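Working notes, beginning with the structure itself.
The values are calculated or read from the model by the stated rules, or taken from the named source; none is laboratory data. Since this is a predicted model, take the numbers as computed values, not measurements. When we count neighbours, we look across all protein chains shown, and the Cβ atoms used for this are built from the backbone with ideal geometry, even at glycine.
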Amino acid sequence: MIQTSTEPVIEIQALEKRFGKENVLQGIDLSIEPGQVVGLIGTNGSGKTTLIKCLLGLLRKSGGCSKVFGVDSWDLAELQKSRLGYVSQEFAILPWMKVEAMCDYTGAFYEKWEYHLVRRLLREWNLNGDKRVGALSVGQRQKLAVILAMGHRPELLILDEPVASLDPVARRQFLQSLIEFTEQDKNTILFSTHITSDLERVASHLAMLKQGRIAYFGELESLKDRCKRLRIFSDQPLPKDFAIPGAIHCEINENHALAAIPDFNYETVSQISSRWNVQVQVEDLNLEEIFLELNGIRSETNDAEAN
Amino acid sequence: MKPQLYQVFRTYWSRPLLIVIGLVSLCLTAGLFYQSQNNDNFSLSPQLKRPGLYKHADSGKWKSFLKDEKLDEIRSLSLHILSPDDNPDLSQLSELESLQIYAPNLTPELLNEIQSLKKLTSLSLLDTGMGVTKTEFEIPEEFFKKLGPQLQELDIIASNRTPFGDIKGVENLENLELLKISGKDMTLESFQAIKRLPRLKYLVIVFSVSLEGEHGKLLLELKNHPTLERIYASWFRSIEDGPASIRMLPLYQLSYSRGKVAGIQLGLFLMLSIMLILFLQLWSLFISPAAIVIPGYAIAHRRAAFVILGGGVFVTVVGLMLTGIAWLPAIAITLIIPTFGAMIALASQSRSGIIRGAGLLLGISIGLIIGGQATLFTGDLLRYGRYYAEFTLGDYPLFTCLLLITQLFVIAIILRRLPNITRRINERYAILPGFSPWDVEKQQRALLSRGSSWRTRLIDFRPRDVQYHQGSMWKQTKLWRLGNPFRPLLFIVGMLGMAGLFLIGSVYGGFYQTAPDFLPSFLALNFLFQTTFVTSIMAAGHWYRRCKHLELETMRPVGRKNLVRQLFLALAIDQSFAIIAGLFFGFFAISLSASRIEADAIYTFVFIFVAAVLWMYAIGTTIFGIKRAWVIWTVDISTCALLLAIIIRIAYEVSGRTKGPIAPYDQFLITTSACTITITAAIVMITFMYRKALQREWG
C-alpha cells in the first residue's frame, strides 16, 4: 500500500502517563513521518513499552496528545487498525490453535490478508503449520507474532522488542523482511530494541528515551555525526579547572583526558587545543557507545585506552 | 522449619484473592456457629395445597370480610372460629378449593357449611378443644360420605387434650391422596378405616402408636396397600425398638432440625472455600520452578496445607456437632469436599490417560451430585431419604467408620504424594491457572507438544469457519468465540448425556424400587440444574482467561465500542447454551408433576429462569469491566450476597403477615418481587460493566 499523505503517521505532543504516583512518561514529543524506520531505545523502565501502548490506545494517556494516522490513539477505529500491525513484548496467542489455523484465524479479521506472504514467511522461518502454537518455543512464537503482524501488509508496523528471543539467523531474516517491508511500499516502522546493531542496520531515525522523556530524536546518521569521543593528550598534567564545554562527561587522568560530547564540531576542537595547549583526537562512536554515553555510563575505560 | 512455614503462610495472606475467599470462609464459620442456636424444625411431610388467592379471616369479622373481599377470586382460606356459637356462611365462596378451619368445636352446622363448598379439594380441620362440651374428637360419618368424591387432601388436627373418637366414614373419601392425622390417640376402628382408603398415597401420623400392640399390627397391614407410597410418623425414631418387620414399611421422618440442615450446607461451603484457597495457592506455587529447585519446598507447603485443612475440619466438625449432628457423621460430612478434591487431583496426575479421564469424570460427577444435593437440596433429600436422616443422627457407626477410613485414606495419599505431584505439575503444566500470582507467558508447551489429543482435535475448526465477514457483527462475534477452546454446545451435550446415563442407571440399578420417584428424577434434575450453572461459570472463566491476553487481539481492525459489544455478545451466546440444560430441567420438572402443576407455576418457573440466567450473565460481564481477579470475586460475591439479602428481606416482610407455611399467593408475590429485583439489578450491572469495559486498558 502506498502512502499518499505526507502528514505524520505518528504524532505525539506532551504525552504523559502516570501509574499511581509514578510518572512514567513526562511530556513526550515525537513526530514520525511516512517511510521512516524509527528505533526506540532506552534503559529498562525508561517508558518504551508504555509509550508504545499509549500510542496504540492500549493504555489511556494521563495528559497530552497522541495520534496515529491523525486519529486519537484511544479512539482508533477499524480503518486505522487495519493499517497498522503490532508485535507485543509479551505475546500470548491462543496456545491450542495450530500455527496455520492461527494465521487463518487472524486473517479472517482483515479485509486484505496476504495468505501467500504468510505461507512464504512460515516456510522461510521454518515454522511448522501443523504444530500447536503452545508447543512452539518462545523464539518460534515471536516469529509467528511478527508474521501475524505483517500478514495484512500494514502501513505502520509497531514492534516492541521483536528480536529479543530470536537466534542470529532468525534475527537476520527478520531484519531483511523489515528492509523489504519498507523498501517496497515506503511503510513506516517504530520498533523498540536493546540490540543497537540491529538498529544501525535498519533504522533511519532514532528516538532515545531517558526517564520518561525523549533525550534524542532525529536521524541516526546525524546522531553519529554529532556524538563523538575526544581523546586529549598534554605534555604536562592537565590543570584542575580543565573543562570541555558541552561534554556529557570528562575524565581527567594526569596528562590525558577522555570526554564525550553530544554536539560535536571542529571549532570546539580548535578552541580546546588553543586554550589548553593540548592535542585532541576525535573518535567515532557506534550506537551502543552513544547510548551508554548519553545514559551517563562510560563506553570505554581510560586506563585501557592508556595502555 | 518455623521461619519457612511462616514464609509459606505469608504467601497466602499476600494474595488479595485468598483474603477475599478467607473472609467468605469466616462469614460461613460465623453462620455455622449461629445455626447451632437454631432450634426450629421443619416438616418433611407433604403440605396441603393452597392454590390461587389465599386469605385469612375470623368469624368475628365475617360479615365485613364477605362485604370487602372479592369472594369469587378466593381459592384458599384460613378461617378462625372464635366462639362455638359462630356459624359463618361459606356458601358465597364458590371458588374455594382449600380451606383451613380452626374451631373450638366442629359443630354440625359448621360441617354443613363445609359440605356446601362444591370445589373444595383440600381441607384442614383443627379442633382447638376450647369449647369443651365433649370428651372426644368426633366427625360424623355423613360428613365424609358427602365430601367423598371431591376431597383429595385432608388434615385432621385434634387438640392435645382431646383423644380421637371415631372418624368413621373416612373410607368414603375415594379420591383422597394425602391424609394427615394429629392428636392424642386414635381408635383402632378409625385406623382400620384409613386402611381402606383406595387412593391414599401419603399418610402422616402425628400421634403415639404402640408398635408391639394392635396399632403395630394394623400398620403392618398397610404394607400391602396398593397406592400408599410413604408414611410419615412422629415416632420415627422408635421404630428401632419395634419389631423388625416394621422397618419394611415406607416410613419417613416427620420433621428435621432446620439448624442441622443449614449447618450441613454451611459446613460444606466452608470446606469448599478452604479447598479453593489451598488449590489456588498450591497450584500456583507448585508450578513455579522454585518448587523443584528449593529444597524442602513441598514439605513446608504440605505442612501449611495440613494446618489450614486441619483447622478448617476442626472448626466445621465442632460447628456441625453444635447443631446436633453426631461426631462421626460430622467428620464424614466435613471430609466430603476434601475427599473429592483429593480424588480429582490424584486422578488428574495419573500416568494413564484412561484413569485420568475416568477419575476426573467420576470425581466431578460424584462431587456435583452429592455436593449439590447436600448443599442445595438437603431438605428434599431428607424428605425422601430416611437413611440420610438416620445417618446424621449417628445410626450407622460401622458405615460411617468405613466412609471415614476411605476419606482419610484418599486425603493421606494426596498429602503423601504432594512432592511427586509437584514434579509432575512442573513437567506437564507450563500454563498457570487464571488466578495465579505469577506473571509468566509460559504456555502448555509440554502438553501440546505431544501432538493432537482428542480434546484438541474436538475444538479445531475448519478453514471455512474463519472467512472474512465484511464487518458483520454477528460473524465477527463468532470469530471471537472461536478463539476460545470452550465449546459450550459440546459441553452441554456431554453433560446431558451424563444426566441421561444417571437416569437410566438409577432406574435399572434398583434404586427405583426403593424410592419410586425420588432418585431418578432427583438426580437428573440436580444434574441439569448444575449443568446450567456450570456452563455459565465455565463460559465466563474462559473469557476471563482470554481477556488477560487480549492485548494483541484488540489491535485487530475493530473499534473500541464494537470490540466491547462483540465481547459482551460472545459471552452472552456462550452462556445462552446453558438455557438448553435449563429447558430440559424445566420440561423434566413439568413432566414429572404434570398432574399437579399449574399454569402459575410454569410462569413462575420461566420468570425465575430468566432472572437467574440474566443474573449469571450480569456477574459474568464483570470479567470485561474489571481486570483483577480478586476484585472480580469481591464484586461478584458481594453483589450476590446483597441481592440475596434483599430477597430474603422481602420474603420476610411478605411471609411475616402469616404464621406457618407461606401461602402460594405470597410465594408468588415473593418470587415475582425477587425476580423483578434480580432482573433490574442485572440490567444495572451489565450497563455499568459495559461502560467500564469501554474505558478498560487492554495493554
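Things to note:
- Only a single criterion out of (1) part of a helix (DSSP H, G or I); (2) more than 30 Å from A:Asn128 (Cα to Cα) is not satisfied by A:Asp198, namely (2).
- Every condition in (1) assigned to a loop (DSSP other than H, G, I, E, B); (2) crowded, with 19+ Cβ neighbours inside 10 Å; (3) at the interface with chain B (Cβ under 8 Å from one of its Cβ atoms) is met by A:Trp113 except one, and the failing one is (2).
- Here is the figure for the range A:50-76: residues that are free of Cβ contacts under 8 Å to residues at least 12 places away in the same chain and over 17 Å from B:Arg696 (Cβ atoms) total 1.
- Every pair of residues 6+ apart whose Cβ atoms lie under 7 Å, when the first sits in the range B:463-485 and is within 9 Å of chain A (Cβ to nearest Cβ) while the second is in a helix (DSSP H, G or I) and at pLDDT below 80: B:Leu482/B:Asp465; B:Pro485/B:Ile459
- Complete set of residues in the range A:111-143 that are under 25 Å from the mean Cα position of the chain (by Cα) and among the aromatic types (Phe, Trp, Tyr): A:Trp125
- Residue within the range A:275-286 that is of a type outside the set (A, V, I, L, M), free of Cβ contacts under 8 Å to residues at least 12 places away in the same chain and more than 22 Å from A:Gly296 (Cβ to Cβ) present: yes
- When residues of the range A:6-62 are limited to those that are in contact with a Gly (Cβ under 8 Å, 6 or more places away or on another chain), part of a loop (DSSP other than H, G, I, E, B) and surrounded by 21 or more Cβ atoms within 10 Å (Cβ to Cβ), the one nearest to the other protein chains (Cβ to nearest Cβ): A:Leu58
- Just so you know, in the range A:199-223 the residues that are more than 19 Å from A:Thr43 (Cα to Cα) and of a type outside the set (Ser, Thr, Tyr) include one that is surrounded by the most Cβ atoms within 10 Å (Cβ to Cβ), and it is A:Val202.
- Restricting the range B:4-49 to residues that are of a type in the set (Gly, Ala, Ser) and closer than 24 Å to B:Arg303 by Cβ leaves a set whose member that is nearest to the chain's Cα centre (by Cα) is B:Ser25.
- Among residues of the range A:178-234, those that are without any contact (Cβ under 8 Å) to a residue 40 or more places away in the chain and of a type outside the set (D, E, K, R), counted: 6
- Test: residue in the range A:207-216 that is among the hydrophobic types (A, V, I, L, M, F, W, C) and outside the structural domain of A:Ile52 (by TED's automatic domain parsing): no
- Restricting the range A:75-99 to residues that are part of a helix (DSSP H, G or I), of a type outside the set (A, V, I, L, M, F, W, C) and out of contact with any strand residue (DSSP E or B) (no Cβ under 6 Å at 6 or more places or on another chain), the residue that is farthest from the other protein chains (Cβ to nearest Cβ): A:Asp75
- Among (1) at the interface with chain B (Cβ under 9 Å from one of its Cβ atoms); (2) at pLDDT 90 or above - the single one A:Ala135 does not satisfy: (2)
- Taking each residue of the range B:339-354 that is outside the structural domain of B:Gln281 (by TED's automatic domain parsing) and looking for partners that are assigned to a helix (DSSP H, G or I) with beta-carbon atoms closer than 6 Å, six or more apart or interchain, yields nothing.
- Flag for B:Phe585 being more than 11 Å from chain A (Cβ to nearest Cβ), closer than 15 Å to B:Phe491 by Cα, touching a helix residue (DSSP H, G or I) at 6+ places or on another chain (Cβ under 8 Å) and outside any loop (DSSP other than H, G, I, E, B): no
- Residue list for the range B:487-497, filter: surrounded by fewer than 19 Cβ atoms within 10 Å (Cβ to Cβ) and either in contact (Cβ under 8 Å) with a residue 24 or more places away in the chain or outside any helix (DSSP H, G or I) (or both): B:Arg487, B:Leu489, B:Leu490, B:Leu496
Table: residues versus (1) over 16 Å from A:Leu148 (Cβ atoms); (2) in contact with a helix residue (DSSP H, G or I) (Cβ under 6 Å, 6 or more places away or on another chain); (3) assigned by TED's automatic domain parsing to the domain that holds A:Leu30.
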{"site": "A:Asp72", "(1), (2), (3)": "yes, no, yes"}
{"site": "A:Leu76", "(1), (2), (3)": "yes, no, yes"}
{"site": "A:Leu79", "(1), (2), (3)": "yes, no, yes"}
{"site": "A:Ser82", "(1), (2), (3)": "no, no, yes"}
{"site": "A:Gly85", "(1), (2), (3)": "no, yes, yes"}
{"site": "A:Lys98", "(1), (2), (3)": "no, no, yes"}
{"site": "A:Cys103", "(1), (2), (3)": "no, yes, yes"}
{"site": "A:Thr106", "(1), (2), (3)": "no, yes, yes"}
{"site": "A:Phe109", "(1), (2), (3)": "no, no, yes"}
